[in-house]
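A.B. asks: Can you keep this structure in mind? I'll have questions shortly.
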Amino acid sequence: MTLRTLLLATAAVLSATAVAQAAELKEIGKIPVKFDAPLQGFDIGWYDAKTDRYVLASRGSFDPKDKSNPGNAGLLIVDATNDKVVVNDGAEAWVGDGDNSIKVVDMKQGKVVASIPTEANKGGADELGYSPKDNVVAMALPDAEPPTLVLINTKDRKIFAKVPVPNASDGFEQTIYSEVDGMFHTVVPELGGDPNKGGMLTVDPKTGKQVGEIAPIDNCKPHGNFPGVGNELIIGCNYGQTKDKRPPVQMVFDVKTSKVTATIPGIGGTDMSGADPGLGLYYTASAGNGEGSALGVIDAKTHTLIQKIPTAGRAHSVAVNTKNHHVYVPEGATGGGCGCIRVFAPM
């Protein structure tokens, strides 16, 4: 499989209350990934509190001269209690596949048990979100014409709604489900061909319909999107790469008011973002940061950048274990990366 993204079907939404003072991180270890080829291409990582596992979609590295080498395209499963790669008992992982389908992985059997066609007229399935309350998955088809968000019932595994967005001129990025308002929220990097204009698409998982207009998230090029403290979403802005000469920023979006409520300077070029509301910390996997690839650490209370940890190997993915507060950042084996999953924890 050419895996692109993933999300556990049992994924729990993080707690919405900050209870401690923000603290800086330090690296506490590395999880080796040793398969038929080094860890190279990867995308979405996700921590599932219910099963205490971190899972990562690996697109793998293939040797074109060695057809017997399958590479490491697959679903990496990490025991988040001990920070080791294992296969435990569990439920399902739903994985967006580049072959225009969603693969359903039985975590107990460790194998694909279903393949759901996404019905895209172009491109494949990309990032997705899950509503445990409604048993609905929202899957982005960013390369379809027009870009479309499809909603799937996890019980019968059938598409019951489609939300086309003709104005999304650079597709979609991360979709999340918010317990605050019970809605899916999808960041749209570019609207109407204007790279300075982006937005937030809101969709009701019950009706499968768009709610209101796309809320503006301008001068950001939003990629990352994750539930934070209270009504907040931490938005990972792709602004701030060397090539675009735009100011490096991250943003905070309020799901109740549908507005950007804070702009955080100092780091940019972000793909994924994450949060640990219990510690009052937000994280950005800023592999495209103009000053160099970094993991950004943000104080959720003051909305200020408090740390930039150098990374390598296109470290554009981040996930947080909200039980022990470990932070997982995979790095590819090239570009100075470790070909492993780096683990950080508060000092």
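A.B. asks: Give the range 211-246 a look and list any residue that's polar (S, T, N, Q) and either farther than 17 Å from GLY290 by Cβ or in a strand (DSSP E or B) (or both), or say none.
C.D. replies: ASN225, ASN231
Here is a yes/no grid of residues against (1) among the aliphatic types (A, V, I, L, M); (2) at pLDDT 80 or above; (3) open to solvent by 20 Å² or more (accessible area, probe 1.4 Å); (4) in contact with a Pro (Cβ under 8 Å, 6 or more places away or on another chain):
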| position | (1), (2), (3), (4) |
| --- | --- |
| LYS50 | no, yes, yes, no |
| ARG53 | no, yes, no, no |
| SER61 | no, no, yes, yes |
| PRO70 | no, no, yes, no |
| GLY74 | no, no, no, no |
| VAL78 | yes, yes, no, no |
| THR81 | no, yes, yes, no |
| VAL86 | yes, no, yes, no |
| TRP94 | no, yes, no, no |
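A.B. asks: When you scan the range 324-341, do you find a residue that is over 22 Å from PHE172 (Cβ atoms) and in contact with a His (Cβ under 8 Å, 6 or more places away or on another chain), even just one?
C.D. replies: no
A.B. asks: With respect to GLU145, determine if the residue is open to solvent by 50 Å² or more (accessible area, probe 1.4 Å) and within 25 Å of GLY208 (Cβ to Cβ).
C.D. replies: It is true that GLU145 is open to solvent by 50 Å² or more (accessible area, probe 1.4 Å) and within 25 Å of GLY208 (Cβ to Cβ).
A.B. asks: So, restricting to strands (runs of 3 or more DSSP E) that lie completely within the range 300-347, which ones have at least 1 residues that are at pLDDT 95 or above and open to solvent by 10 Å² or more (accessible area, probe 1.4 Å)?
C.D. replies: Correct list: 304-310, 340-346.
A.B. asks: Being open to solvent by less than 10 Å² (accessible area, probe 1.4 Å) and among the hydroxyl-bearing types (Ser, Thr, Tyr) is the filter here; which residues of the range 123-142 pass it?
C.D. replies: SER131, the sole residue that qualifies.
A.B. asks: Any idea how many residues of the range 247-272 are touching a Lys or Arg at 6+ places or on another chain (Cβ under 8 Å) and either part of a strand (DSSP E or B) or open to solvent by 10 Å² or more (accessible area, probe 1.4 Å) (or both)?
C.D. replies: Summing the residues that are touching a Lys or Arg at 6+ places or on another chain (Cβ under 8 Å) and either part of a strand (DSSP E or B) or open to solvent by 10 Å² or more (accessible area, probe 1.4 Å) (or both) in the range 247-272 gives 2.
A.B. asks: Say we look at the range 96-122 and pick out the residues that are open to solvent by 80 Å² or more (accessible area, probe 1.4 Å) and part of a strand (DSSP E or B); which of these is farthest from ALA144 (Cα to Cα)?
C.D. replies: Of everything passing the filter in the range 96-122, LYS111 is farthest from ALA144 (Cα to Cα).
A.B. asks: Inside the range 227-238, can you point out the residues that are open to solvent by 10 Å² or more (accessible area, probe 1.4 Å) and either closer than 14 Å to HIS316 by Cα or free of Cβ contacts under 8 Å to residues at least 24 places away in the same chain (or both)?
C.D. replies: Residue satisfying the conditions is ASN238 alone.
A.B. asks: Mind checking which residues of the range 205-222 are open to solvent by 30 Å² or more (accessible area, probe 1.4 Å) and either over 18 Å from the mean Cα position of the chain (by Cα) or closer than 15 Å to GLY274 by Cβ (or both)? Explain how you work it out, then say what you get.
C.D. replies: Step one: list which residues in the range 205-222 are open to solvent by 30 Å² or more (accessible area, probe 1.4 Å), which gives 206-207, 209-214, 216, 218-219, 221.
Scanning the range 205-222 gives LYS206, THR207, LYS209, GLN210, VAL211, GLY212, GLU213, ILE214, PRO216, ASP218, ASN219.
A.B. asks: What are the pairs, 6+ residues apart or on separate chains, where a residue within the range 90-110 that is closer than 22 Å to GLU173 by Cα has its Cβ under 7 Å from a residue that is β-branched (Val, Ile, Thr) and in a loop (DSSP other than H, G, I, E, B)?
C.D. replies: The qualifying pairs are ASP97/THR2; GLY98/THR2; ASP99/THR2; ASN100/THR118; SER101/THR118; ILE102/THR118.
A.B. asks: Is it fair to say GLY236 is under 26 Å from VAL150 (Cβ atoms) and under 18 Å from the mean Cα position of the chain (by Cα)?
C.D. replies: yes
A.B. asks: Could I ask something else about it? Inside the range 148-166, can you point out the residues that are touching a Pro at 6+ places or on another chain (Cβ under 8 Å) and either assigned to a loop (DSSP other than H, G, I, E, B) or surrounded by fewer than 19 Cβ atoms within 10 Å (Cβ to Cβ) (or both)?
C.D. replies: PRO164, VAL165, PRO166
A.B. asks: Follow-up. If you scan the range 1-48, which residues turn out to be β-branched (Val, Ile, Thr), part of a strand (DSSP E or B), buried (at least 20 other Cβ atoms within 10 Å of the Cβ) and modelled with pLDDT of 65 or more?
C.D. replies: ILE31, ILE44
A.B. asks: Here's another thing I want to ask about it. Scanning for something of a type outside the set (Asp, Glu), at pLDDT below 95 and surrounded by fewer than 22 Cβ atoms within 10 Å (Cβ to Cβ), does the range 195-203 turn up at least one residue?
C.D. replies: Looking through the range 195-203, at least one residue is of a type outside the set (Asp, Glu), at pLDDT below 95 and surrounded by fewer than 22 Cβ atoms within 10 Å (Cβ to Cβ).
The values are calculated or read from the model by the stated rules, or taken from the named source; none is laboratory data. All of these numbers come straight from a predicted model, not from anything done at the bench. In this analysis, Cβ positions are derived from the backbone assuming ideal geometry, glycine residues included, and neighbour counts consider all displayed protein chains. Side chains are part of the model used for accessible areas, which takes the heavy atoms of the whole protein and leaves out ligands, DNA and RNA. Shrake-Rupley method; radii C 1.70, N 1.55, O 1.52, S 1.80 Å.
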